[in-house]
Amino acid sequence: MRERPEHPVDAAAEAEPSRWRAHIGRMRAELDALRREFGSGAGPGGLPGPILAGEDPATGENAYRRGLLCDLLAGSLGQAAEYLARLSPDIDDSEHRQADDPGLAACTPARSAMRPSDVGPAAPFTASTTLTPFTVDDVEDAALPWRHLRRLFVEPDPSGLLPEQRGTGASREPAPGSGPVASAEWHLDRDDVRWSAEMYALFDRDRALGPLPLAALAEHAAAEDRAFVADLVRELLEQANGVEGEFRIVRRDGTRVSVQFVGEPVLDADGTPHAIWALLRDITELRRTQQALTETRAQLLAQRRLLRSEHRIAAELQRVVMPWWTRPIELPGIEVATRYFPAEQDSKVGGDWYDALALPDGDVLLAVGDMSGHGVAAASGMTTLRGALQGVAMTGAGPAAMLAALNRIVVHTLPADKVATAVCARFAPATRVLTWAQGGHPPPLLYREGAGRALAAPFGVLLGALDEPEFVEDRVELRSGDVLLIFTDGLVERRGRGTEEAVRALLGLGPLVLGASARTCVDVVLSRLGHTRYEDDACVMAMCVR
């Protein structure tokens, strides 16, 4: 005897399962009438039989679909009745229990799925998707008896919501690059095969020839995929398992079509498959796009490795040939400090260079230059020019002769697309006279008694622009305490600000560099420009006259 609950139970709530079961009973009675109406020629399991001779195919097809929908609804109602009966175990209502319903209980798709990756190397394409059972809610109308399988052929919704949660107006679109979904049914017990129009188009098969038997699918697959397709069919028929995978179809004209295949057997009450349902989707364009993306990615990775290798070589070459000066150097009559900054992007090792050394005749060589381009070619070109300049300067040649020699090297030994700029100067400590020339390079800035000005540039053209150009020299008498600033264009070129504006900012630093050391002059220049990361290589040299 059951104990009385502590709280009173609502009589209406207690009777709710009984009312629902009575309602289900009436619905099942109506379904039974419909099934008898569409059940002429019904085959095993309660499924309607094939279209009879002389019967309108469209009418027969509709009757078949309606009968199948009735079976599905009956099975769902039977399961609902059993569930309600379990809610009220004290009421014996066998009238509403599903005792022997040939609907969904007898025609349930198999639940186990064959993974194509298990079939060995014969499967060049594989997929892994779990087949899910279908219910009556999955069937939108009788024309879609396998709507549950269509979920495998659409991209998942990024929101992660179910269709009912997304709203009635929301729908899931097919995966990009995929073709239409083709459907097929093979009824094994009555040797009846039904193909959709998309299936004929997918196989490029004449409708007059009729659909292919299930066993003939492997014959139309690519040679390397036939064993895989045969294994799929065998798993469906012999093991009664749902399968999924990808293979390629060879059409009559020799073209290949990549398809995604999902198949599931429909079982009799004894577990024997009496029908096979399948969906195929054309994924040829999808696979071509993926292959193109894979090849492009491989090319980009190879290019990235090449750029990194070139960067390491260029950086090492630049470091060995032109080491950064970490402190000022003392030369006859002057103090020199330099600073070099590579471009903001690590891969853009450029061709900026500088040099300052005492010559055998007592003069001092001062030079700053810039080779066009970046990478190994720019670094090697910079090395060639810097080494050649030192050799020419040792012979006693003047700045114009130095630039003429560098121009011949650029024209005759470097690649045709390479050009360069440079400022070359000789400083005589005894007279404090600076003799200089330029080839397409920004002129030096002279700071004297707290005021700055740009030196008037003598005539000179870009190195490599002409075979035998003329370079003109100019002389400037310097004084004790003067500061000379030589730089490359990377120092004054900045996105969003003109070169003239940067030069004016440099000229306004005269009071700050008055009486300062060479190293202090360089620090002031860099701090006042407002940035230390450059879009191009930057080099600056400060020379203080003692």
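The values are calculated or read from the model by the stated rules, or taken from the named source; none is laboratory data. From a predicted model like this one, the values you see are computed outputs, not experimental measurements. Here the Cβ is made from the backbone with ideal geometry for all residues, glycine too, and neighbour counts use every protein chain on show. Accessible surface is based on the protein model in full, side chains and every heavy atom, while ligands, DNA and RNA are left aside. Shrake-Rupley method; radii C 1.70, N 1.55, O 1.52, S 1.80 Å.
Quick look at the numbers
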read-out	value
Whole-percent carbon and sulfur share, accessible surface of the stretch 477-529, 1.4 Å	45 percent
Two-site label geometry, ARG207 and VAL524: point separation in nm, points 7 Å out along Cα→Cβ	9.1 nm
For the stretch 504-513, 3J(HN,Hα) per residue [Karplus equation, 6.51 cos²θ - 1.76 cosθ + 1.60, θ = phi - 60°, Hz, x = Gly/Pro]	4, 5, 5, 5, x, 8, x, x, 7, 9
List TRP20, TRP195, ordered by accessible area with a 1.4 Å probe, largest first	TRP20, TRP195
Per principal axis, descending, Cα span of the stretch 170-293 in whole Å	49, 38, 27
Taking only Cα atoms of the stretch 388-465, radius of gyration then Dmax in Å	14.1, 45
The stretch 391-546 shape via C-alpha gyration tensor axes, a/c threshold 1.5	oblate
Normalised contact order of the stretch 425-546, rounded percent, pairs of Cα under 8 Å and 6 or more residues apart	29 percent
Sequence-distant residues sharing a close amide H with GLY351 (under 5 Å, placed H)	MET371
Exposure of LEU301 as accessible area (Å², to 10), given a probe of 1.4 Å and all protein chains	60 Å²
Using θ = phi - 60° and Karplus 6.51 cos²θ - 1.76 cosθ + 1.60, couplings along the stretch 468-481 (whole Hz; Gly, Pro as x)	10, x, 9, 10, 10, 9, 9, 10, 10, 8, 8, 10, 5, x
